[in-house]
Amino acid sequence: MIGTSRWRVLKGPLGGAGAGALSLVGLRRAGATHGRPAGATCIRDEQCASGICDPQTRRCTCPEGTTACGGQCVSPTCPTGQTLSNSSCQCVCTATGQPPCGTGAAAVCCAEGETCVAGTCTNTGGGGCTPLTTCPSPQNCGAISDNCGNQLVCGTCSTTSGEICVNNVCTCPASAPVLFDGTCCTPNNTAACLNKNCGTVTNNCGQTVSCGTCTAPYTCGGGGTPNVCGCNTCGGCFTAGTLIAMADGTSKPIEQVTVGDRVLGRRGRVNRVLGIDRLVLGERPLFALNDGPAFVTAGHPFLTEDGWKAIDPAATAVSGSRLRVGRLTLGDRLVRPILAGDAEDDGTGKVWAAAVPLQRLVGHPADPATPLYNLRLSGDQSHIANDIGVHIK
């Protein structure tokens, strides 16, 4: 048998009941001049119909995934309850050794007391086979044997209740507990922890869910809001929308800043973002400077002509900052660094500064769940927020 490729697969029906479940493999290498069957002695691969001569046993062997039957290589894919006969190379019923009744995929093994008549298992009255007509409790889904060689459908599970069929019994998935009305509950942990970031809560299925933990000095509920990290006396942070000056001359809302970004710092220095603290406001006010929006808490240090100052220096100290910080008051002149061209990592960016007097400082109440952000930076740990020089708290 000569082929144009290195290997060739010959497939064909074996004939007889149930033979459609098998396929002849008959592998052979191109250029082979012999076709010795599986199990025959050999010296070279070309001598075997399968194309494989085992160098250890010196016998023709079958490719992986096939088996020898009657000197041929076949794929043993018999249906459940049937096995491959070594003598006929056909699928036969495991219990009786007889061919299944019927043809193709519809062929089944007859139960005890039945005989295959015209492709149908028929009760001959010799042994007495009484088929099941209903599935025994608690089986209520899928299919089972009717004890006479046929399948008995027990039913389907309700898709609206979320049940699945396990061992022919409708049941809830392990992740979805059963409610009092018998329906399955799909947990929604995201909704349970909405606007929460610490402690435990109960989800819609009555399960206990952890929403996370807080990083010191913040504690769960410390800002007055349950399941929210907070600290009434801790340092400062910025609200979403606060514009951060980037080293390439652009600006980015603080909530879009990512670890690894390069931000512009004091005197043109470039600092890299090492981390981002994501917290919530809690029972603290937000402050607006001059005519700007309320965007910062009391503990964040601002750069003035007289050095670093915060609205509440005590809050800055509580956060663990070692920065020497004075109290920000009306009349202080805020330094507004302005980028002129791209800055470089070596701090050669050209930056000039203008001082703006602080004329108004107003505190505003806000939703305790308001998200806050604080950057953790390399270098001198300074950056520019809403065009004002600031220091990480």
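The values are calculated or read from the model by the stated rules, or taken from the named source; none is laboratory data. This one's a predicted model, so the numbers in the text were calculated from it and none came from an experiment. Heads up, the Cβs are rebuilt from the backbone with ideal geometry, glycines too, and the neighbour counts pull from every protein chain shown.
Here are a few things to note about the model shown:
- Filter pass, residue 136 being of a type outside the set (A, V, I, L, M, F, W, C) and exposed (fewer than 14 other Cβ atoms within 10 Å of the Cβ): yes
- Residues of the stretch 246-268 satisfying the condition of being surrounded by fewer than 24 Cβ atoms within 10 Å (Cβ to Cβ) and assigned to a strand (DSSP E or B): 246, 251, 252, 253, 262
- Given (1) within 17 Å of residue 390 (Cα to Cα); (2) at pLDDT 65 or above; (3) in a loop (DSSP other than H, G, I, E, B), number of the condition residue 335 does not satisfy: (3)
- Residue 265 meets the conditions (1) over 17 Å from residue 297 (Cα atoms); (2) outside the structural domain of residue 385 (by TED's automatic domain parsing) in every case but one. The failed one is (2).
- Filtering 12, 39 for residues that are small (Gly, Ala, Ser), assigned to a loop (DSSP other than H, G, I, E, B) and either at pLDDT 80 or above or closer than 30 Å to residue 148 by Cα (or both) leaves a single hit, 39.
- Residues in the stretch 271-285 that are among the aliphatic types (A, V, I, L, M) and surrounded by fewer than 22 Cβ atoms within 10 Å (Cβ to Cβ): 3 in all.
- Any hit, the stretch 51-74, residues being of a type outside the set (A, V, I, L, M), closer than 26 Å to residue 116 by Cβ and under 42 Å from the mean Cα position of the chain (by Cα): no
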